[in-house]
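Asker: Below you will find the structure I want to go over with you.
The values are calculated or read from the model by the stated rules, or taken from the named source; none is laboratory data. Values in this document were obtained by computation on a predicted structure and should not be read as measured data. FYI the Cβ positions are ideal-geometry reconstructions off the backbone, even for glycines, and counts take in every protein chain you see.
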Amino acid sequence: MVVSGQDAARAAAFQALETGDRFLVAVGGDELVNAIADGLLGWSGDAPSDAVLGVVAGSAPCDFIRTFGLPSDPARASRHLQGENVFPIDAVRLWYRGGGTHTEHFVNMAEVGLGGAVAARTARLPGSLGRARRFLGFWLAVAGFRPTKMRLRGDRRTWEGRAHAVLVANGQYTGDGYRMSPRSWPSDGYLDVLVMKGPKSDAFTILNDAALGEHLPHPNIVEYRCRTLSIEADRPLPIQADRLVLGATPATFEVLPQAVRLKV
């Protein structure tokens, strides 16, 4: 079955599972992986199940597969669909504001604040810009974004202060290959939280080191781990998860331990 669009992919995944299929393959990038995983979790009630998720990214941008060392090349990725090897991974349930309260799932990484603003600004630019689209979206968002006071409450720790971004990570990579959360392991039952409390110029000055995950520890980045996390701010901050522009804060995150079986 070939479908296009987030809602259609989510509905197709749910329908396939309802009719007895137990092996779903996302042929595309992070957005499609997100939709298929969301459909799977909706079908299972956020609980572990016997369904399996495979990924063939091809030319589509997919940071999710980088954590597991899965290839993007279609031929090599298809070979990973063979055999019995599966790896149970965590997923994350997210509640956020946006014309009401909404629920979303993601399997890789969410960004609150500047990262969400970059995603939203990039989405408004024409696709004809190609690879320059994200570069331009980044600089336009940085220019207009203002850090604000945030309040984070987790099951293990709280933090309050002025910041420009919060990363809530299950996987390690975001932003087309930056290893922003190198300590994350998506089957440990925890969220890895990075609070960017320095100047917003840190968003680009750390990039060279972040390409290899060598930017941590950093004096302007607060790191901690938790199973649940709530984020509030003095003004609504935009949220993106797995490249999807969602709503805004306040938001709550909850890890779903080993809720998805990934084909590796």
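Asker: Taking the stretch 16-37 as the region of interest, how many residues are surrounded by 14 or more Cβ atoms within 10 Å (Cβ to Cβ) and farther than 26 Å from Asp73 by Cβ?
Answerer: 1
Asker: To continue, here is another question. For Cys62, all conditions in the list (1) under 23 Å from Ile239 (Cβ atoms); (2) surrounded by fewer than 16 Cβ atoms within 10 Å (Cβ to Cβ) hold save one; what is the number of the exception?
Answerer: (2)
Asker: In addition: Can you name every residue in the stretch 206-254 that is under 25 Å from Val56 (Cα atoms) and surrounded by 20 or more Cβ atoms within 10 Å (Cβ to Cβ)?
Answerer: Result: Gln240, Ala241, Asp242, Arg243, Leu246.
Asker: If we keep just the residues of the stretch 42-59 that are surrounded by fewer than 16 Cβ atoms within 10 Å (Cβ to Cβ) and of a type in the set (Gly, Ala, Ser), which is farthest from Ala13 (Cα to Cα)?
Answerer: Ser59
Asker: Can you name every one of the strands (runs of 3 or more DSSP E) wholly within the stretch 215-264 that holds 1 or more residues which are modelled with pLDDT of 95 or more and aromatic (Phe, Trp, Tyr)?
Answerer: Counting at least 1 such residues, we get 244-263.
Asker: Considering only helices (runs of 4 or more DSSP H) fully contained in the stretch 113-213, which possess at least 3 residues that are among the aliphatic types (A, V, I, L, M) and touching a residue at least 40 places away in the same chain (Cβ under 8 Å)?
Answerer: It comes to 114-123.
Asker: If you don't mind, another one. Go through Leu140, Leu129 for me and flag whichever is crowded, with 16+ Cβ neighbours inside 10 Å and not acidic (Asp, Glu).
Answerer: Selected residue: Leu140, the only one of Leu140, Leu129 that is crowded, with 16+ Cβ neighbours inside 10 Å and not acidic (Asp, Glu).
Asker: What is the one condition in (1) touching a Phe, Trp or Tyr at 6+ places or on another chain (Cβ under 9 Å); (2) within 26 Å of Val195 (Cα to Cα) that Ala119 does not satisfy?
Answerer: All conditions are met except number (1).
Asker: Further question on the same structure: Could you tell me whether the stretch 117-128 includes any residue that is hydroxyl-bearing (Ser, Thr, Tyr) and more than 25 Å from Cys226 (Cα to Cα)?
Answerer: Yes, the stretch 117-128 contains at least one residue that is hydroxyl-bearing (Ser, Thr, Tyr) and more than 25 Å from Cys226 (Cα to Cα).
Residue by residue, here is whether (1) closer than 17 Å to Ala241 by Cβ; (2) in the same structural domain as Ala77 (by TED's automatic domain parsing); (3) part of a loop (DSSP other than H, G, I, E, B) holds:
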| position | (1), (2), (3) |
| --- | --- |
| Phe14 | no, yes, no |
| Gly20 | no, yes, yes |
| Leu32 | yes, yes, no |
| Ile36 | yes, yes, no |
| Pro48 | no, yes, yes |
| Gly54 | no, yes, no |
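Asker: Given the conditions (1) modelled with pLDDT of 95 or more; (2) in contact with a helix residue (DSSP H, G or I) (Cβ under 9 Å, 6 or more places away or on another chain); (3) crowded, with 18+ Cβ neighbours inside 10 Å; (4) not in a helix (DSSP H, G or I), which single one is not true for Glu104?
Answerer: (1)
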